[in-house]
Amino acid sequence: MKNFLTIFIVALTVSFAQDEAKSNPEERAKRQTDRLTEQLNLTPEQAEQIHAINLKYMHTAGEKIAESKADGKKGKRGKGAKKHSKARDKEIKGVLNKDQKKSFKKMRIHQKEKKMEKRKMRKGKRQGKKGKRPQ
């Protein structure tokens, strides 16, 4: 019975995580805008403009991902995503004031550092699985 309960809880957790990842572009744009509004102290006008930017880029990102999956081009997705992200950031910076731009830049640097840490962790785990024997 305990095993069944444990499996049920794990399955339920995975189900919620998948639902979150598969949310529609409108929901992702709203979450992103809410996060930026909180972190950068956006005015209501700025939040509205940034929401429009986020929404535009969330829709195009979804289309590009679908295209690359259909074509089987996984490698090109990363390069396109980087260009896409830079263009979005440039538009967002156009809405921000001087102090907000500084905070936004720091936030992006922090996000990149976290991403690199995760990448290193995954790489380390993969190398450990390859069976390198300690001497």
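Read-outs throughout are calculated quantities, based only on the coordinates presented, and are distinct from any laboratory measurement. The model shown is predicted, which means the values in this text are computed figures rather than measured ones. FYI the Cβ positions are ideal-geometry reconstructions off the backbone, even for glycines, and counts take in every protein chain you see.
Some notes on this structure:
- Set K56/K114; K30/K120; K93/K123; K56/K83; K105/K125; K90/K118 screened for pairs whose C-alpha atoms are more than 23 Å apart: K56/K114; K30/K120; K93/K123; K105/K125; K90/K118
- Ranked by the mean number of other Cβ atoms within 10 Å per residue, highest first, peptides 89-99, 50-60, 33-43 order as 50-60, 33-43, 89-99.
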